[in-house]
Amino acid sequence: MTDDLTQFRKETRAWLQSNCPLQMREPQTDEDLYWGGRDGAFANSAQKQWFEAMLSRGWTTPDWPTEYGGGGLDPERAKILREEMSRINARPPLSSFGIWMLGPALLKYGTEEQKRYHLPPIIRGEIRWCQGYSEPGAGSDLASVATRAEDKGDHWVVNGQKIWTSYANKADWIFCLVRTDPTAPKHLGISFVLFDMRTPGVSTRPIRLISGNSPFCETFFDDVVVPKGNLVGTLHRGWDVAKYLLGHEREMISAMGLGEVESITTGISEIDPLLRSQMALFDVRAAAFRACSELFLDEFRAGRAHPAKSSMMKYVGTELNKARHELLMSAGGFEAARWSGGSDAGASAQAWLRSKGNSIEGGTSEVQLNIVAKRILSLPST
Amino acid sequence: MPLYHDDEQTMLQDTARGFFDEHAPVSHMRGLRDAKDPAGIAHELWRRCGEMGFTMALIPEEDGGLGLGHVEAGIVQEAIGRNLTPSPLLATAIGGVVALRAATNDLRTEWLPRIAEGVAIVALALEEGSKHAPDQITLKACKHADGFVLNGAKRFVPHAHIADLLIVSARSSPGAEPMLLAVTRETTGITMRTQQLADASLVSDIEFDDTVVEHSNVLVPPRDTGALLEEILNAVRVGAAAELIGLADGAMERTFAYLRDRKQFGVEIGSFQALQHRAAHLYGEVELARAAVLKAQRELDGGSGDRSRHAMVAKAIASQAATLAVQEGVQMHGGIGMTDEHDIGLFMKRARVLAELYGDTNYHAHRLASVNGY
């Protein structure tokens with residue numbers, strides 16, 4: 001067994017060495033991510049080559065079943081692949097809410113027909129998904145979503161509004177929480193549905209953030225027809241699917257905490273010895289978080305993690321990432337505060353401001369602490 | 001390989017916890033303290049640790065041990081931490097064993113089997129000041145016909161007063177490579193002054209006055225002694241970190257149970273969000289530290305080139321997490337937490353000493369920054 005794993009590591013290392021273009025091993029910014037989709041275009045030939053090579057082995061989703069086009073790797077091999085990619089700083093070949101969020105929920109709750117229809121295009125990067133969760137009146141209190149899905153026999157008619165929908169203006173399909181039973185208690189009247197963003201009545205409007213960028217949108221539904229076959233899981237029990245998916249989303253967001261501050265360290269002990277101390281203490285936490293992330297991922301993939309542990313990881317990881325950006329800004333001084341010009345044309349400041357959203361999106365830090373207190377520590381409810 | 005414990009390690013954890021929960025719970029420590037026990041430990045318990053194999057984890061099989069690793073040694077250390085058990089296991093079965101198994105001379109065969117059996121106790125005499133500074137060695141070892149003559153002092157050495165063997169760092173001249181000497185406590189020219197720390201543990205200041213040490217008592221590793229000293233320190237730092245995790249768990253369990261039970265304003269105080277958030281934050285901090293300690297143990301066992309860095313991180317974060325656990329523990333217990341009768345205060349006192357032992361958070365964060373190039 002151990003020999004097999006050693007052999008797998010050896011082969012994987014060699015394969016990555018010859019298939020991962022050097023350009024795909026350089027540090028990346030948000031603009032370097034490949035998201036696929038109907039309108040997806042590769043930034044350059046290296047990105048295309050890398051994506052296609054990984055796809056040929058099913059490694060855009062290394063641990064998904066091979067029957068849908070995934071890599072079929074067991075947790076130990078999937079970990080080896082992650083380690084070997086990380087060793088050469090290989091970029092992920094495909095960024096996708098389909099992979100990080102919807103896919104795991106479909107694998108657990110979807111019908112065979114839904115899996116066969118939706119998973120292969122996610123794996124191949126052909127369909128780009130967005131998440132219709134938050135609404136103007138349903139933020140931390142997500143279960144109070146008010147978007148209505150009215151039963152019209154063989155289909156629903158959906159009316160309402162979502163907000164903070166990441167990249168809704170670039171997405172092909174949406175997975176969406178809608179209220180199918182307005183008379184039931186709020187957690188028991190929600191359904192989880194999928195529909196094409198090209199359906200008549202769907203419109204989006206990007207929201208300009210403090211960073212100056214617009215990754216989030218308002219999404220409007222005006223008499224949108226959704227076939228009944230697009231329901232995932234049980235009718236009115238969409239909250240179960242939503243929560244399961246949130247676990248994966250939180251795991252994804254917690255990875256924000258994996259960043260380092262090393263690149264900003266030149267001469268800092270002379271200029272600002274107190275900042276050096278703060279950075280040193282940050283480095284301790286960052287290293288501990290890397291270990292924690294490894295442990296959590298191992299437990300998570302093996303199905304051994306407490307279902308609420310992703311809340312703890314999300315809380316710790318995002319608070320850490322915010323602290324990292326505060327240190328980067330402090331170390332960078334006026335250069336980092338630049339909004340235009342300079343070598344990075346405001347990228348530091350934008351990344352710093354963007355990081356403030358980490359502890360809000362996917363459930364605020366305070367919501368995560370509520371969940372940990374209740375579900376892991378078994379503290380009493382009020 | 002997944003980072004979590006495998007089945008055998010999980011079994012060992014159950015065994016170790018079961019053993020110390022039953023035979024050496026906090027009341028055991030309290031009993032030794034109240035009786036002003038001169039040894040500060042129960043020799044009978046130490047012998048039974050040998051029977052259970054707890055002293056043998058890091059001893060190679062050819063020397064009568066189990067040939068396991070730092071993960072296993074840490075599991076036992078964690079069980080000790082949960083129960084605040086006074087035990088020379090850290091210095092003996094982790095520090096002492098890592099030192100002695102590297103010896104190329106008879107020291108190895110002479111001492112390792114005795115440690116394995118739970119007979120011999122080892123103390124690490126590596127500090128000369130009040131703060132951890134293992135590089136500052138002024139204890140002088142002058143060449144002598146039969147070996148070396150020691151002059152100088154070591155301070156705050158845990159369990160030295162009951163140790164069969166002292167592992168002592170010295171230098172032949174300022175700036176010279178450090179030496180490690182394995183000296184029996186009864187050697188002529190050694191005097192000890194033993195005192196109690198806040199956690200009721202006993203530490204000794206040791207004076208060396210023309211103490212003659214024979215050549216055979218010089219610890220001769222295959223490579224340089226400085227590297228061996230670093231190896232020993234890595235091992236005891238990670239071991240102390242594991243003990244701190246156990247301690248933090250013990251403090252948290254008591255505190256969270258209190259939050260669930262204690263009623264004020266007609267409700268359990270654990271239903272207040274102000275306390276829930278602090279409790280959940282604390283849980284996250286301890287989980288962070290637990291993973292860092294596990295990672296460091298694995299890196300030590302794998303002989304990774306990065307193991308010193310992982311050891312620094314583990315000790316730094318475990319000290320911090322345990323400190324938070326006991327501070328929140330006493331505060332959340334309210335008035336009862338301030339009493340000697342309640343155990344939570346004992347956790348606070350032990351955490352203070354363990355946080356200091358082999359380098360506190362600031363010490364290791366500072367070193368980490370230097371290693372990281374700033």
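Quick look at the values:
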item	result
Long-range amide H partners of B:Ala153 with built H, under 5 Å	B:Leu139, B:Phe208
Cα-based shape type of the protein assembly as shown, given that a ≥ b ≥ c are square roots of the gyration tensor eigenvalues and the cut on a/c is 1.5	prolate
Angle in degrees between helix A:112-123 and the longest Cα principal axis of chain A, rounded to the nearest 10	30 degrees
Ranked A:Cys20, B:Cys142, criterion: other C-beta atoms within 10 Å, fewest first	B:Cys142, A:Cys20
Inter-chain Cβ neighbour average for residues A:201-209, partner chain, 10 Å	0
Estimated inter-spin distance, A:Leu22 and A:Asp223, nm [label 7 Å along Cα→Cβ]	6.0 nm
Per-residue ³J(HN,Hα) for the range B:293-305, Karplus 6.51 cos²θ - 1.76 cosθ + 1.60, θ = phi - 60°, Hz, x for Gly and Pro	5, 4, 4, 5, 4, 5, 5, 5, 5, x, x, 4, x
Residues with amide H under 5 Å from that of B:His159, placed H, sequence gap 5 or more	B:Leu202, B:Ser204
Likely footprinting exposure, A:Thr382, B:Thr138, B:Thr225, fewest C-beta neighbours within 10 Å first	A:Thr382, B:Thr138, B:Thr225
Relative contact order (%) - chain A, alpha-carbon pairs under 8 angstrom, separation at least six	12 percent
Neighbour-limited loop hits for GluC sites (Glu not before Pro), the range B:182-218 (at most 11 other Cβ within 10 Å; DSSP other than H, G, I, E, B)	B:Glu186
Residue-averaged beta-carbon neighbours from other chains (10 angstrom radius) around A:75-82	1
Rounded tilt (10° steps) of B:7-23 against the dominant C-alpha axis of chain B	80 degrees
Order by protection proxy (mean Cβ within 10 Å, highest first), peptides A:195-204, A:358-367	A:358-367, A:195-204
Separation of alpha-carbon centers, the range A:226-305 and the range A:3-81, rounded to whole Å	21 Å
Peptide A:365-371 - average C-beta neighbours from other chains (10 Å radius)	3
Low-density loop positions, chymotrypsin sites (Phe, Trp or Tyr not before Pro), the range A:282-382 - DSSP coil, at most 11 other Cβ in 10 Å	A:Trp339
Spin-label model distance (nm) - A:Asp74 vs B:His43, 7 Å beyond Cα toward Cβ	5.1 nm
Table column - 3J(HN,Hα) (Hz), the range B:356-372, Karplus curve with 6.51, -1.76, 1.60, x for Gly and Pro	7, 4, 6, x, 8, 4, 4, 4, 6, 5, 4, 5, 4, 4, 5, 4, 7
Among the listed pairs A:Lys79/B:Lys315; A:Lys243/A:Lys314; A:Lys186/A:Lys374, those beyond 21 Å (Cα-Cα)	A:Lys79/B:Lys315
Percent RCO, i.e. relative contact order, over the range A:275-357, from Cα pairs under 8 Å lying at least 6 residues apart	27 percent
Prolate/oblate/rounded call for the range A:129-236, Cα gyration tensor, a/c under 1.5 rounded	oblate
Lysines with Cα under 28 Å of B:Lys143, excluding same-chain neighbours fewer than 8 positions away	B:Lys154
Calculated on alpha-carbon atoms, Rg and Dmax of the range B:197-333 in Å	20.7, 72
Virtual spin-label span in nm between A:Leu209 and B:Glu51, 7 Å along Cα→Cβ	6.3 nm
Above-threshold pairs, the threshold being 28 Å between Cα atoms, out of B:Lys36/B:Lys131; A:Lys108/A:Lys170; A:Lys322/B:Lys263	A:Lys322/B:Lys263
Acute angle (nearest 10 degrees) that the helix A:75-87 long axis makes with the longest principal axis of chain A, alpha-carbon atoms	40 degrees
Per residue Cα convex hull volume in Å³ - calculated over chain A	160 Å³
Tensor-based shape of chain B (alpha-carbon gyration tensor, a/c under 1.5 rounded, otherwise prolate or oblate)	prolate
Note, ³J(HN,Hα) from phi for the range B:229-239, Karplus 6.51, -1.76, 1.60, rounded to Hz, x at Gly and Pro	4, 4, 4, 4, 5, 3, 5, 6, 5, 5, x
Average Cα contact separation per residue, the range A:3-102, under 8 Å, 6 or more apart, as relative contact order %	35 percent
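No lab work stands behind these numbers, since they all come straight from the coordinates. Keep in mind it's a predicted model, so treat the numbers as computed, not measured. Virtual Cβ from ideal backbone geometry, glycine too; neighbours counted across all protein chains shown.
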